[in-house]
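Input: a single structure, listed below in structure tokens.
The values are calculated or read from the model by the stated rules, or taken from the named source; none is laboratory data. What you see is a predicted model; the values in this text were computed from it and never measured. Backbone-built Cβ (ideal geometry, glycine too); neighbour counts: all protein chains shown. To get the accessible areas, we keep the full protein, side chains included, count just its heavy atoms, and leave off ligands, DNA and RNA. Shrake-Rupley method; radii C 1.70, N 1.55, O 1.52, S 1.80 Å.
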Amino acid sequence: MSARQRLVAGNWKMNKNYQEGRDLTTDIIRLLQPTEVKVVLAPPFIHMKSVSNIIQDMTHLYLGAQNCHQEEKGAYTGEVSASMLKSTGVDYVIIGHSERREYFGETDGLLAKKVAAVLANDMLPIFCCGEKLDIREAGTHEALVAQQLKEGLFGLSAEEFARVVIAYEPVWAIGTGKTATPQQAQEMHHHIRSLIARQYGKELAEQTTILYGGSCNPSNASELFAQPDVDGGLIGGASLKAEDFVAIVNSF
Ligand code: PEP
């Protein structure tokens with residue numbers, strides 16, 4: 001078991017109305033035993049204040065957002081800034097989820113600005129990277145992830161980078177029921193850690209929390225989390241059921 005911070009984050013995506021979000025949060029609290037794993041709930045924006053209020057006395061539960069705008073404020077109809085999130089009690093912000101990259105055209109250059117906005121507002125980014133199926137089949141997945149990290153993160157100072165969590169999410173595994181094998185996850189996590197070591201040194205690389213995401217569930221989480229470079233998970237579908245989500249948290 002690694003000495004790194006272990007973390008499990010639930011990405012609710014565009015699911016749960018206001019009351020359902022409250023119910024899911026209270027169910028998770030009811031089932032969750034004290035743990036050294038950091039547990040992050042990342043609901044849609046409308047839930048931020050209510051989830052924040054519900055979890056405020058829980059020391060191991062944290063609030064996450066699924067996205068933020070890169071600018072501080074202004075005429076950006078429909079957007080939410082990092083400082084607004086901070087004001088509702090958000091601790092983590094997921095940046096560069098593959099659905100944001102795919103459906104909203106987010107590029108690594110833009111994501112670097114969002115990461116900077118998150119850090120400037122004293123929150124922690126969970127930066128997503130990962131390849132689509134054609135890239136995996138072409139065998140260029142390691143190069144693609146290297147490029148995503150270089151453009152999205154490696155402009156940060158070492159001090160800034162020390163606050164970043166990385167989530168490796170092979171796009172072909174997200175919401176498909178097709179999980180990466182523990183070996184595939186380990187290989188890529190090891191690759192990511194080597195890239196960090198080359199950029200920032202071995203010590204920082206060893207401290208960086210790297211999550212796996214992609215059809216992670218209570219049946220496969222233990223084997224994935226047992227890999228030496230896998231420090232937890234970013235969970236989509238299985239985070240919508242309290243029992244499943246808590247079972248994943250208990251899978252270390
Ligand atoms: C995700 O969206 O980050 C994700 C990993 O989804 P799922 O667990 O549903 O594959």
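With a ≥ b ≥ c taken as the square roots of the eigenvalues of the C-alpha gyration tensor of region 194-237, please select rounded if a/c is under 1.5 and otherwise prolate if a/b is larger than b/c or oblate if it is not?
Prolate, because a/c is 1.5 or more and a/b exceeds b/c.
Mean residue ellipticity at 222 nm, helices only, the chain: -12000 deg cm²/dmol; runs of at least 4 DSSP H residues each add -39,500 (n - 2.57), and the sum is divided by the number of residues. Measuring with a 1.4 angstrom probe and ignoring ligands and nucleic acids, ILE94 comes out at about 0 Å² accessible. For trypsin sites (Lys or Arg not before Pro), the sites in region 72-128 that DSSP calls loop and that have at most 14 other Cβ atoms within 10 Å are LYS73.
Projecting label points 7 angstrom from Cα along Cα→Cβ for GLN183 and ASP23 puts them 4.3 nm apart. Note on the chain: with neighbouring protein chains present and a 1.4 Å probe, carbon and sulfur make up 50 percent of its accessible heavy-atom surface. The stretch between HIS60 and ALA138 holds 24.0 nm of extra length on full extension. This uses 0.36 nm per residue minus the Cα-Cα distance. Our summary gives region 10-159 a relative contact order of 18 percent, counting only alpha carbon pairs under 8 angstrom and 6 or more residues apart.
At q = 0.14, 0.17, 0.21 Å⁻¹, what is the log10 ratio I(q)/I(0) for region 1-134, with the Debye formula run over Cα points and no solvent? With no solvent term, the Cα-only Debye profile gives -0.65, -0.94, -1.32. The ratio of the alpha-carbon radius of gyration of the chain to the globular-protein estimate 2.2 N^0.38 Å is 0.93.
Among the chymotrypsin sites (Phe, Trp or Tyr not before Pro) within region 92-122, those in coil by DSSP and having at most 15 neighbouring Cβ atoms inside 10 Å are PHE104. Using the 1.4 Å probe convention, the accessible area of region 107-217 works out to 42 Å² per residue with neighbouring protein chains retained. When the trypsin sites (Lys or Arg not before Pro) in region 143-252 are filtered for DSSP coil states and for at most 13 other beta-carbon atoms within 10 Å of their beta-carbon, the remaining sites are LYS178.
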